[in-house]
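What follows is calculated from the coordinates using simple rules that are stated; it is not laboratory data. Every value quoted in this text rests on a predicted model; they were computed, and no experiment measured them. Ideal geometry is used to build each Cβ from the backbone, glycine not excepted, and the neighbour counts take in all protein chains shown.
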Amino acid sequence: MAGRYKSDLNWSDVTPKDVWLNRRKLMAGAGAVALGSIAGPAAASLNARKTAYGEALEPNTWDEITSYNNFYEFGTDKGDPARYAGELTTDPWTIEIGGLVDRPGSYGLEDILKDVTLEERIYRLRCVERWAMVVPWVGFELADLLDRVGVQPSAKYVAFETALRPEEMRGVRFPVIEWPYKEGLRLDEAMHPLTILATGLYDEPMPNQNGAPIRVVVPWKYGYKSIKSIVKITLVEEQPPTAWNEYSAHEYGFYSNVNPERDHPRWSQKYERRVGGGLFARQTPTAKFNGYGEEVAHLYAGMDLIVNH
Ligand code: MTE
């Protein structure tokens, strides 16, 4: 990956040559989930490699995933992101990678994507508000990118920031949280193979309302840790400030691992409700670490997850 210079290509130009063929094939097939709703080369199929991750899960529909969102930069109503996120310019896109790394710089998304193999990862997504979905993300491991920029031994955490563009993001005109949206992970969490940078879903480029063109997905934590439309990644020594934790630390911890044993001060976290199950959908028990305990529980060995919520 070559950073620090401006490539002539935008990231959406970096699409495989057979894209139109595949697109036609897809449109002819039953899998033409959402192609009708997007047009143009940016809507080309991503041809993500299928993996075993989540193959047993039944994903929510494209419509559910793209019309019921939290993306407060566009408003706090669940329908606001679908209504207004189209105003965000996502190409060109650069990510500033800095702090304790060997190769800091301003990396064009096309440079970041040119060396990665996109995979499909079907993950559960559990919002702190209690709704849950299953999303077939397309992305690559965050560790791949961090390895390429060279994490220095003194780095202990990774801090992320979302774009802040008042002219394109109507929601940031209101002081809901302190903008820009910020998140952070401990380095071992960031390097965990389940943690991905997602650039699409249902084999399509990421819809703006879901965090185009690139977002973090950490499936064992409450959804707010999965920060959207990122423009900055910084490796740091101290635990970085995060948006919801700054807003209300006793409600939104830094760790935010999905945990039925630690209620939100204003509601129980013992149950959740699957989006799309209908208004009277039965609540189902919340799984610790959102069901990913086997993979991630060791990261927290010996830690009190009520104190470190
Ligand atoms: N990232 C930014 N920048 N702004 C946000 O408001 N909302 C978070 C997270 N990432 C949010 C964000 C919350 S609360 C959730 S539950 C998920 O995005 C929702 O992701 P989805 O809309 O793709 O389902």
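Observations on the structure shown:
- Exposed loop sites were defined as chymotrypsin sites (Phe, Trp or Tyr not before Pro) in DSSP loop states (anything but H, G, I, E or B) carrying at most 13 other C-beta atoms within 10 Å; in the chain the longest segment without such a site runs 6-279.
- Equivalent ellipsoid dimensions for the chain as semi-axes, Å, which come from the Cα gyration tensor, largest first: 28, 25, 19
- Amide H within-cut-off set for ALA163, under 5 Å, with H built and near neighbours excluded: VAL231
- In the chain, taking the dipole from charged Cβ atoms about the Cα centre, the farthest positive-side position among THR234, VAL116, GLY223 is held by GLY223.
- Computed from backbone phi, the HN-Hα couplings of the range 84-95 come to 10, 5, x, 6, 7, 7, 10, 8, x, 9, 10, 10 Hz, rounded to whole numbers (Karplus: 6.51 cos²θ - 1.76 cosθ + 1.60, θ = phi - 60°; Gly and Pro given as x).
- Phi to ³J(HN,Hα) by Karplus 6.51 cos²θ - 1.76 cosθ + 1.60 over the range 266-278, Hz, x for Gly, Pro: 10, 7, 6, 10, 6, 10, 9, 10, 6, 5, x, x, x
- Projected-area average for the range 153-234 over all orientations - Cα convex hull basis, square nanometres: 6.2 nm²
- Note on the chain: helix-only mean residue ellipticity at 222 nm, from DSSP H runs of 4+ residues weighted -39500 (n - 2.57) and normalised by residue number, equals -3500 deg cm²/dmol.
- Residue among TYR181, LEU100, VAL275 farthest towards the positive dipole end of the chain, charges placed on Cβ: VAL275
- Potential lengthening of the chain between TRP267 and GLU238 amounts to 7.4 nm, from the contour at 0.36 nm per residue minus the alpha-carbon distance.
- GluC sites (Glu not before Pro) restricted to the range 141-184 and DSSP loop, no more than 11 other C-beta within 10 Å: GLU167, GLU178
- For the range 11-300, the relative contact order comes to 20 percent (Cα pairs under 8 Å, sequence separation of at least 6).
- For the options LEU201, LEU299, LEU118, a Gaussian network treatment of the chain with springs between C-alpha atoms closer than 10 Å singles out LEU299 as fluctuating the most.
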